[in-house]
Amino acid sequence: MRELGPGDPDNSKKPEDAFQEADNLTHEDMPMGDPKVEKNFVEPWYGIDFDGTLSMYYGFKGPGHTGDPIPRMVTRVKQWIAAGMKVKIFTARISVPDQRQEAETAIREWCLRHIGKELEITNIKDIGMVVLYDDRCKQVETNTGRLLNV
Ligand SMILES: [Mg+2]
């Protein structure tokens with residue numbers, strides 16, 4: 001049996017243990033591949049939603065408004081970055097063309113202030129996305145359609 005990856009369910013573990021394990025992931029757990037061998041190599045990254053996941057959110061107050069940091073999530077992101085992982089802000093905020101610039105600027109400044117560096121911001125999922133942390137997600141078990149963590 002292959003080792004479990006970051007997106008795989010492990011039903012043999014108690015939820016708190018599985019959570020702890022996810023929090024302890026390092027870049028060695030990521031399917032890095034070899035950029036010299038794989039012509040379609042895309043650098044692996046973790047996707048982190050912004051509103052309600054990384055920053056407090058109580059309804060839309062404009063593209064330039066950002067909430068206070070959510071400490072638990074900010075700590076995770078800092079740990080991942082320190083471990084060498086690539087982290088991207090994955091947010092629908094930048095999907096409105098005439099608000100995109102203002103939203104990106106606000107999120108960039110927020111990241112600099114609370115995480116210590118600017119993070120790439122995207123609303124596009126590509127093959128490098130290893131995992132997504134999002135307050136609107138329902139995790140579906142691979143190939144079964146079953147919901148996990150309900
Ligand atoms: Mg959200």
**Request:** Considering the options Thr53, Gly145, Thr66, tell which one lies farthest towards the positive end of the dipole of the stretch 46-150, charges being +1 on Lys and Arg and -1 on Asp and Glu at the Cβ, about the Cα centre.
**Result:** Gly145
**Message:** Looking only at the stretch 46-150, where both bridge partners belong to it, what percent of the DSSP beta bridges are antiparallel (to the nearest 5)?
**Reply:** 15
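Would you order Met73, Met56 from fewest to most other beta-carbon atoms within 10 Å of each residue's own beta-carbon?
Values: Met73 17, Met56 12.
The fewest-first ordering by Cβ neighbours comes to Met56, Met73.
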**Message:** So if each residue of separation counts as 0.36 nm, and I subtract the Cα-Cα distance between Arg146 and Arg72, what length gain in nm does that give?
**Reply:** 23.9 nm
**Message:** Cut-off is 10 Å between beta-carbons; in what order do Val150, Val42, Val131 appear when sorted fewest neighbours first?
**Reply:** Val150, Val42, Val131
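With a/c under 1.5 counting as rounded, go ahead and sort the stretch 47-103 into rounded, prolate or oblate using the C-alpha gyration tensor (a ≥ b ≥ c being the square roots of the eigenvalues; past the cut-off, prolate if a/b is larger than b/c, else oblate).
Values: a/c = 3.04, a/b = 1.59, b/c = 1.91.
Cα axes put the stretch 47-103 in the oblate bin.
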**Request:** With a Förster radius of 25 Å, plug the Cβ-Cβ distance of Ala83 and Val42 into 1/(1 + (r/R0)^6) and report the FRET value to the nearest 0.05.
**Result:** 0.85
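Hey, what D do you get for the stretch 46-150 in µm²/s if you plug the Kirkwood alpha-carbon radius into Stokes-Einstein at 20 °C and 1.002 mPa s? Write down the numbers at each step before the final one.
Values: Rh = 14.5 Å.
The calculation lands on 148 µm²/s.
Quick note: the coordinates plus some simple rules give every number you see, no bench work behind them. Source: prediction; values computed, not measured. When we count neighbours, we look across all protein chains shown, and the Cβ atoms used for this are built from the backbone with ideal geometry, even at glycine.
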